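In what follows, a structure is listed as structure tokens, so that the remarks can point back to it.
Readers should treat all values here as calculations from the given coordinates under stated rules, not as data from a laboratory. All values reported here derive from a predicted model rather than from experimental measurement. Virtual Cβ from ideal backbone geometry, glycine too; neighbours counted across all protein chains shown.
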Ligand code: NI
């Protein structure tokens, strides 16, 4: 299975509401497999389809069991149907490299969605998994974690990101002069 290229902010696909998936067919199964592969390779604990340029409502997560074993969750058209508590913790995003910030999230969530066998699933989550669900479902709504921090901090981060992009472009320019 190929590892896909992860889209990086400010790519517009990351700021677009993703479409519902109407039919779970071979294409969707393949997409889910590619996403899992890409998430493990990154490595990350979650990935949403828009992060590989597909504007559809599909997420994969794996925060691993307490014993450190893989525990892949694939959810189609996921929704948070209950949320409670509030907890502030640091998070980052594969699409916003090198930035980590404290973000307030619900402490516990109940998530509903379809699995690849078209079965409806409800998953109760707390801790890291609850945070990961909220982060990934935000991606499906075109929301990034940097949209959930203060405007002041966001301004600082946006300047930092612009600088990183300029540095990357400058590095490429240098490369083009090597014969
Ligand atoms: Ni993310």
Percent antiparallel among DSSP beta bridges with both residues in region 40-100, to the nearest 5? 100
Have a look at the DSSP beta bridges in the chain and tell me what percent are antiparallel, nearest 5. 95
Please tell me the relative contact order of region 12-148 in percent, rounded to the nearest whole number, where contacts are Cα pairs under 8 Å and at least six residues apart. 27
The simple spin-label model distance between residue 126 and residue 166, using points 7 Å out along Cα→Cβ, in nm, is 4.7
Express in nm, to one decimal, how much length is gained between residue 143 and residue 26 on full extension, taking 0.36 nm for each residue of separation and deducting their alpha carbon distance. 39.3 nm
Assuming R0 = 30 Å, can you tell me the calculated FRET efficiency for the pair residue 117 and residue 17, based on Cβ-Cβ distance, to the nearest 0.05? 0.70
With bins of 5 Å, the percent of all Cα-Cα pairs of region 70-179 per bin from 0 is 2, 10, 17, 18, 15, 11, 9, 7, 5, 3, 2, 0
In whole angstrom, how far apart do the alpha carbon centroids of region 8-59 and region 117-177 sit? 13
Gain in span if fully extended, residue 70 to residue 100, counting 0.36 nm per residue against the direct Cα distance: 8.4 nm
